[in-house]
Structures are given as C-alpha cells and as structure tokens.
1. Under 5 Å between amide H atoms, partner at least 5 residues away or on a different chain: which partners does W77 have, H built in plane at 1.01 Å?
2. At 1.4 Å probe radius, can you tell me the per residue accessible area of the stretch 30-83 in Å²?
3. Could you check which residue among V66, V91, V103 shows the biggest mean-square fluctuation in a GNM of the chain with a 10 Å Cα cutoff?
4. Tell me the carbon and sulfur percent of the accessible area for the chain, rounded to whole percent, probe radius 1.4 Å.
5. Calculate the dipole size of the stretch 3-113 relative to its Cα centre from +1 charges on Lys and Arg beta carbons and -1 charges on Asp and Glu beta carbons; express the result in debye to the nearest 20.
6. Tell me which lysines have Cα within less than 23 Å of K107's Cα, excluding those fewer than 8 residues away on the same chain?
7. Mind checking the stretch 64-99 for chymotrypsin sites (Phe, Trp or Tyr not before Pro) that DSSP puts in a loop (not H, G, I, E or B) and that have at most 16 other Cβ atoms within 10 Å?
8. About the Cα centre, and with charges only on the beta carbon of Lys, Arg (+1) and Asp, Glu (-1), how big is the dipole of the stretch 39-97? Nearest 20 debye, please.
Amino acid sequence: MTETLSLFYKGDGIAVTSTDENGNPAEGLRVGKDKDGNEVLLRFRHGYLDGDSFDRNGTPLTQPAVERPCDGHLEYWRQGLLHRDGGEAAVIAAGFGMKEYWVEGEKCEKEIR
C-alpha cells in the first residue's frame, strides 16, 4: 500500500464509489464525518469521488473532491482516483505542510514536507 495522508485511498486500485439513498450513483456535494467526528465535504460525479464540475458556460472548474474544513485537508480526485492536472498537489494536508502529487491514482515521487 502506498503511504498517503488521503482519507480514502486504500492502495488497491479500486475507484471509490458511492450511491445515494435510492441506490443511484451519488451526485453533487455530500457532508459526512471523519473518524474523529469532524465534518468532511465530499463531491461526487456519477458515483465517483470527483471535484470536477462545470459552470453555466461549460467551463471546467476543478475543486477538491474531499475537504475537511477543521484543518484545511484537501484531496483532488477525478473519477474516483487521486489526480491533479498541471503538476499540482492532489493531497494537501497536515496544516499544508505535506503535499502529495498523484496522476490517475498513481503517486509521483515529488513530495514537499
């Protein structure tokens, strides 16, 4: 398993999916709790953790798919896999002292502490 500060990555190569209360793939923003009871914001598209969305003009907007407001923890996912375009960190955590770089679910070596 790859060491990570991600709240959801399991290292098994299976995309994280979720369904709504009717069994349909989850869509939009959901609010949950972490193991310590802190609020966690989750964004889904077609059942997958995914921060990508579009404005009214169809312009792509990239937002974190996972946000923990209590400590600023952010995770960027695309279709259930940790991912961030442009060489940006996909996981930003530990008071922003730790950044992880992922592309399509694969962790890159570049890491800043």
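The values are calculated or read from the model by the stated rules, or taken from the named source; none is laboratory data. Because the structure is predicted, anything quoted here is derived from the model rather than measured. A quick note on method: Cβ atoms are made from the backbone with ideal geometry, for glycine too, and the neighbour counts reach across all protein chains shown. With ligands, DNA and RNA removed, areas are computed over all heavy atoms of the protein, side chains included. Shrake-Rupley method; radii C 1.70, N 1.55, O 1.52, S 1.80 Å.
1. Result for W77 returns G51, A65, V66, H83.
2. Working: 2980 Å² over 54 residues.
That works out to 55 Å² per residue.
3. Of V66, V91, V103, the Gaussian network model singles out V103 as fluctuating most.
4. Answer for the chain is 48 percent, counting heavy atoms of protein chains only.
5. Using only the charged Cβ atoms, the result is roughly 100 debye.
6. Of all the lysines, those that pass the test against K107 - Cα under 23 Å, at least 8 places apart if same chain - are K10, K99.
7. Those that pass, being in a loop and sparsely packed, are F96.
8. 140
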